[in-house]
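**Q** Here it is, the structure in full.
Each reported figure results from applying straightforward, stated rules to the coordinates on display, with no laboratory input. All figures in this text were calculated on a predicted structure; none of them were measured in a lab. All Cβ positions, even for glycine, are placed from backbone atoms using ideal geometry, and neighbour counts span all protein chains on display.
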Amino acid sequence: MYIFIDPYCRFCHQQWAMLRAKINTGQLRVRWVPVAVLSVSQRRLSTVMGLLNDPSPENLNSWIRKQQVQPDDSEAAKLALARNTVLFQALRVRSVPALIYKNQAGELVKKAGVTAL
């Protein structure tokens, strides 16, 4: 499962919290995909790119819980953010959090907004 998130989106923080138990017990594997959708994120791109520089669960946890991340303005981070943004737009999902996964029939499922799984 892939979940597109904006680091400053409170609903994305809710989605993260809602899925913690399933992730921690191994029932669910999630790849968190940072994008800059909200205007505050677009003004603070180095913070968003800091999550891309270190995509570890610990780094995302630090951001969600304490709003702490090492900012990054590197070309690699800019490229990663651009790729995430292009993919987010190509999927035609209009808001975050955006969940993308395949169901048991192998069909692509796209859901926007906080979603219980």
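**Q** Compute log10 of I(q)/I(0) for the stretch 25-85 with the Debye formula, placing one identical point scatterer on every Cα and leaving out solvent, at q = 0.21, 0.28 Å⁻¹, to two decimals.
**A** Rounded to two decimals, the profile gives -0.80, -1.27.
**Q** For labels at ARG44 and LYS22 in the simple 7 Å Cα→Cβ model, what's the distance in nm?
**A** 2.8 nm
**Q** Any aspartates and glutamates with Cα under 18 Å of the LYS110 Cα? List them, leaving off those in the same chain fewer than 8 positions away.
**A** ASP6
**Q** If you don't mind, there's one more thing I want to ask. Using the Kirkwood radius over C-alpha pairs as Rh, can you work out the diffusion coefficient of the chain via Stokes-Einstein at 10 °C, viscosity 1.306 mPa s, in µm² per second? Could the numbers behind the result be given before it?
**A** On the way: Rh = 14.4 Å.
So the translational diffusion coefficient is about 110 µm²/s.
**Q** Given a cut-off of 18 Å, what percent of all Cα-Cα pairs of the stretch 64-107 lie beyond it? Can you show the working numbers first?
**A** Values: 515 of 946 pairs.
The proportion of pairs with Cα distances above 18 Å equals 54 percent.
**Q** Order these by the 10 Å Cβ neighbour count, fewest first: VAL96, VAL69, VAL114. Provide the component values of the computation, followed by the final result.
**A** On the way: VAL96 26, VAL69 22, VAL114 18.
Going from sparsest to densest Cβ surroundings: VAL114, VAL69, VAL96.
**Q** Let me ask you something else. Just how far, in whole angstrom, is the stretch 2-65 from the stretch 94-117 if you go by their alpha carbon centroids?
**A** Spelled out, the Cα-based centre of one part sits 16 Å from the other.
**Q** Show me the trypsin sites (Lys or Arg not before Pro) within the stretch 15-117 that DSSP assigns to loop and that have at most 16 other Cβ atoms within 10 Å of their Cβ.
**A** Values: sites: ARG20, LYS22, ARG29, ARG31, ARG43, ARG44, ARG65, LYS66, LYS78, ARG83, ARG92, ARG94, LYS102, LYS110, LYS111; in loops: ARG29, ARG44, ARG92, ARG94.
Hits after loop and neighbour filter: ARG29, ARG44, ARG92, ARG94.
**Q** Further, regarding this structure: In nm, to one decimal, how far is the modelled label at VAL86 from the one at LEU108, with both set 7 Å along Cα→Cβ?
**A** Output for this residue pair reads 1.6 nm.
**Q** Also, I was wondering about something else. Loop-only check: which GluC sites (Glu not before Pro) in the stretch 23-111 are DSSP coil with at most 11 other Cβ within 10 angstrom? Don't skip to the end; give the middle numbers.
**A** On the way: sites: GLU58, GLU75, GLU107; in loops: GLU107.
Filter output for the stretch 23-111: GLU107.
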